[in-house]
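The values are calculated or read from the model by the stated rules, or taken from the named source; none is laboratory data. In this text the structure is predicted, and so the values were computed from the model without any measurement. All Cβ positions, glycine included, derive from the backbone under ideal geometry; neighbour counts span all protein chains shown.
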Amino acid sequence: MKKKGVLLAYIWKYKIPYLLGLLTLLMVDYVNLFIPQITGEITDGLASFTLDLNGVFQLILSLLGVALLITIGRVFWRVFIFGTSRKIENELRNDLFSKLEELSQTYFNTHKTGDLMTHFTNDLEALRNSIGPAVISSFDAIVMTALVLYQMMVYVDFKLTLLTLIPMSLIAIGGYYFGEEFERRFAKKQDAFAKLSDHVQESITGERVIKAFVQEEKQDKAFQKVNDYNKKMNMRVVKLMATFMPLMDFIIGISYVITIIYGGYLALTAQITLGRFVAFNQYLGMLIWPMIALGDSITSFSQGRAAIGRINQVFDEIPDIVDDEHPLDIKELYGDISIRHLSFSYGDEFQDALSDLSIEIKRGETLAILGRTGDGKTTLVNLLLRLYDISEGEILFDGHDIKKIPLHVLRSSIA
């Protein structure tokens, strides 16, 4: 898959459930507009004594009908959008694991376990949130805001609506800055978690060595250091969120103050009815969720953008060990092994793990390989499995060059 197209490919696969979910959400947002209007009609009718008990009862039934539609709609869009995001997460996790199975041993030598585990935990969770809850948040931030503003301007008062919007426009401006900064801090938080996971994994794996050399205290200090760094990176993200959300609440509060002062004046001077003033306050309350949703979507999309960037790095990796362009047409190997002048190094900065090694082993023969740690025993076995390609010399199975043998034939023939 092309970079930046990984996620789009999965979304395109489930485009119909997504579209159905968004259409259902649009219906819910539209139906929501009737609640303040009906409340305003009840208020005006009771204030002017033009509404009898039967009229009130009919309007209440209308409210119940709207509530029922909203309830059903919310169930459906949750199934369509949240359910789809879970399916995409599941498929992406399976494909990511399959991709890791294709990669060569050299990739895992340079990418530690903690970093890989972060892809399957934090990164995929952030990605699911960006294509699930964040889609809902951004849709409401745009569509519901537009619908509510139209209703506020047409049904109540145009000037009052513009005045209350002046403070709220600051949220969109601040949201851009916070989104960029949040993405940077979230990426560092993910890297810190990867380092912590890797340190824990290495400590557990090397537990016996740590005890044998009495390194418990030193290991504890090393863990404390990497844990403090992880805490620091997490706190940087939390502090940014703790700054953004109260600021947004403060701005919304200013809009309420403007509504009470100027809207109350319009109601007292009979430029708008009491019912429309009540409805306007409800509409303003409906705008709070889209404003909060805007902040949530900025946060989630920033996390998702950082996560898909890290996941794309895995999908963009090209395996070092692949089948030859013209592999041999063989189905199995019988066991004749010939190693001729084999030399191998793990890199230019390392000395040779094996140097000018030659061995002839006939089928049915047994050969024991002994040596100290670092003498190249495991390296030789890895080369026979073609987990690495040899630097110099050649390895032959039944007279066939190991590089010409299909990988699945080679590895399935070795117990």
Filtering the stretch 332-353 down to residues that are over 43 Å from the mean Cα position of the chain (by Cα) and assigned to a strand (DSSP E or B) yields I337, S338, I339, R340, H341, L342, S343
Scanning the stretch 6-32 for residues that are surrounded by 18 or more Cβ atoms within 10 Å (Cβ to Cβ) and not aromatic (F, W, Y), the one farthest from the chain's Cα centre (by Cα) turns out to be N32
Breaking point among (1) crowded, with 16+ Cβ neighbours inside 10 Å; (2) of a type in the set (V, I, T); (3) closer than 17 Å to Q282 by Cα, for I60: (1)
Hits in the stretch 257-271 - residues which are assigned to a loop (DSSP other than H, G, I, E, B) and either of a type in the set (A, V, I, L, M) or not assigned by TED's automatic domain parsing to the domain that holds T164 (or both): A270
Note on L357: of the conditions (1) more than 22 Å from V322 (Cα to Cα); (2) part of a helix (DSSP H, G or I), unmet is (2)
For the condition modelled with pLDDT of 90 or more and closer than 15 Å to I321 by Cβ, what is the one hit in I395, I414, I337, I390? I395
Count - residues of the stretch 391-415 that are charged (D, E, K, R), without any contact (Cβ under 8 Å) to a residue 40 or more places away in the chain and part of a helix (DSSP H, G or I): 1
Taking D329 and the conditions (1) in contact (Cβ under 8 Å) with a residue 12 or more places away in the chain; (2) in a loop (DSSP other than H, G, I, E, B), which numbered condition does it fall short on, given that it satisfies the others? (1)
Residues of the stretch 302-326 satisfying the condition of being aliphatic (A, V, I, L, M), touching a residue at least 12 places away in the same chain (Cβ under 8 Å) and farther than 30 Å from V237 by Cβ: I321, V322
Give the residues of the stretch 124-148 that are more than 20 Å from I252 (Cβ to Cβ) and at pLDDT below 85, sorted by residue number. none
Would you mind telling me which numbered condition in (1) among the hydroxyl-bearing types (S, T, Y); (2) surrounded by 11 or more Cβ atoms within 10 Å (Cβ to Cβ); (3) in a loop (DSSP other than H, G, I, E, B); (4) free of Cβ contacts under 8 Å to residues at least 60 places away in the same chain Y388 fails? (4)
Does Y283 satisfy the criteria of being surrounded by fewer than 16 Cβ atoms within 10 Å (Cβ to Cβ) and either on the phi < 0 side of the Ramachandran plot or without any contact (Cβ under 8 Å) to a residue 40 or more places away in the chain (or both)? no
Of A134, A141, A146, A126, the only residue that is out of contact with any His (no Cβ under 9 Å at 6 or more places or on another chain), surrounded by 18 or more Cβ atoms within 10 Å (Cβ to Cβ) and under 21 Å from N281 (Cβ atoms) is A141
Could you list, in sequence order, all residues of the stretch 331-352 that are on the phi < 0 side of the Ramachandran plot, in contact with an Asp or Glu (Cβ under 8 Å, 6 or more places away or on another chain) and not charged (D, E, K, R)? L333, Y334, I337, S338, I339, L342, S343, F344, S345
Just checking, does the stretch 149-165 include any residue being under 19 Å from the mean Cα position of the chain (by Cα), at pLDDT 80 or above and surrounded by fewer than 21 Cβ atoms within 10 Å (Cβ to Cβ)? no
